[in-house]
1. In square nanometres and to one decimal, what's the mean projected area of the convex hull around the Cα atoms of the range B:109-200?
2. Using alpha carbon coordinates only, what is the Rg to Rh ratio of the range A:116-187, with Rh defined as the Kirkwood radius?
3. I need the Kirkwood Rh of the range B:1-97: take the reciprocal of the average 1/r across all distinct C-alpha pairs and report it in angstrom.
4. Based on DSSP, what percent of beta bridges with both residues in chain B are antiparallel, to the nearest 5?
5. Where in chain A is the longest stretch that carries no trypsin sites (Lys or Arg not before Pro) classed as loop by DSSP and with at most 15 other Cβ atoms within 10 Å?
6. Evaluate the charge dipole of the range B:16-192 about its Cα centre and quote only its size in Debye, nearest 20, assuming +1 on the Cβ of each Lys and Arg and -1 on the Cβ of each Asp and Glu.
7. By DSSP, what percent of the beta bridges with both residues in the protein assembly as shown are antiparallel, rounded to the nearest 5?
8. Calculate, for the range A:205-264, the solvent-accessible area per residue in square angstrom, rolling a 1.4 angstrom probe over the heavy atoms of the protein chains.
Amino acid sequence: MTEQQTADSYNFAYLDEQTKRMIRRALLKAVAIPGYQVPFAGREMPMPYGWGTGGVQVTAAVIGPEDTLKVIDQGSDDTTNAVSIRNFFAKTAGVPTTDKTAEATLIQTRHRIPEKDLREDQILVYQVPIPEPLRFLEPRETETRKMHALEEYGLMHVKLYEDIARHGHIATTYAYPVLVNDRYVMDPSPIPKFDNPKMNDMAALQLFGAGREKRIYALPPYTKVKSLDFEDHPFVIQKWDDICGMCGADNTFLDEVILDDVGSRMFVCSDSDHCNERQAAGHRGPQNGDASYTPEAAE
Amino acid sequence: MTAMHNTSPLAGFQNAAAESNHVFRAVLDAMSRPGKIVGVSDLAAPAGLNPAANAILLTLADMDTPIWLADEIATEQAINHIRFHTGAEVTSDPSRALFAIASAETAITEIAKLSSGTPEAPHQSATLILLVEDLNAAPAIQMTGPGIKTKETLGVTPLPDGFLDWAQANSCKFPCGVDVIFASPASLAALPRSSQIEVN
Ligand SMILES: [Zn+2]
């Protein structure tokens, strides 16, 4: 091996090979123990925490020259965060990037799961701010580790039940806790609970990286993922009275957009690729040329 | 040592980043989909190892991962090769190993000494790389669990005596347990602790 070859390959995807080995070993154990948080010796990345350094480290350890990368933030490929992470890997790994969910082999995400069903040949990497679902109940890591070991999840149910006592329903709408493979309670990262059912039995491998707390966890494909709930208060996802103003979709996660300073507003798909694809296929919403819109006609 | 046997390390990866990524993705794919047979590149292996097992060690082992080699695998060349390329300690104590290399000749009582981790740290467990001659889709072992849509079947030959009983007991320890990678010369398949197995 020549000096030149070493220099060229050493920093593929920024991380050195030693760090990648350590992250890769953690990833394999995470896959073998679905939902369990594996500690790893995280590295400083050339971006601030909150920019998804955990997800970036996982992506850097996984990505290869044959991958096509997509990066989304709140469903959009065009936020500063998504653009900077995408450019980082385009530069350090030389891989092609895409906005299109269907064309990506590796998708790094913050706060959403794409609307389009993912495939077996795709990997979804989540950026995680707080990996420990029990942290707000118990600040000590030694204690939460014990609680997971003993499956002591009663307090988590008490917390959700307090929601019901206070609000009449479970008020948690983001980072809604799930039970993985009937064993570990897991934080799905701050995705809307609308996305929770997509994690269950997903064909793609799902990997989670928390940079500040240095934890990696995983969901193998076709793994049972159940949102915590109660018999008398079953888990339900968010629903909207509106449909997407641009593409007319009635089954997607919608963001509210303020149109002017007199309060006109519309709802649009949070997943911009999905919305664009539907519009390209001729679907139209009420704010986008579908003058005949009625809720019935949209079905 | 005799002059008849080459005890020197063989060459490692030509391009470490690209080749180790390729091998890692193969292992990740296999571990994520228990029973799936995945091809790996044919890097020449030292006496005792086979190409797939060699590639896995060069990809994942380093000074933080003690390696245990069963007697029939622990040739002088294999030990020199592993030390040279990975910097890993080769230990004679299976209970300290994070990677263990064994074969059908290995006594199951040795494999049973591998670490399963603890309930609070189940990830601190060994990964067993089992050298085999052939992997195929014969319905010898039926597997269910995470990573498997309905049911997966895997044929593995040869296996150590008592291996399937050990593997069934291993999966009962979940979340503790040993994760197994079957390494035939040119392909690999995995049996993580999360898989339940039925033997036909
Ligand atoms: Zn839309």
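1. Result: a mean projected hull area of 5.8 nm².
2. Rounded to two decimals, Rg/Rh equals 1.03.
3. 14.1 Å
4. Rounded to the nearest five, the antiparallel share is 55 percent.
5. A:1-99
6. Computed about the Cα centre, the dipole is about 620 debye.
7. Looking only at bridges with both residues in the protein assembly as shown, the antiparallel portion is about 55 percent.
8. Value returned for the range A:205-264: 48 Å² of accessible area per residue.
The values are calculated or read from the model by the stated rules, or taken from the named source; none is laboratory data. Note that the coordinates shown come from a computational prediction; the quantities given were computed from them, not determined experimentally. FYI the Cβ positions are ideal-geometry reconstructions off the backbone, even for glycines, and counts take in every protein chain you see. The area values use the complete protein model at the heavy-atom level, side chains included, leaving out ligands, DNA and RNA. Shrake-Rupley method; radii C 1.70, N 1.55, O 1.52, S 1.80 Å.
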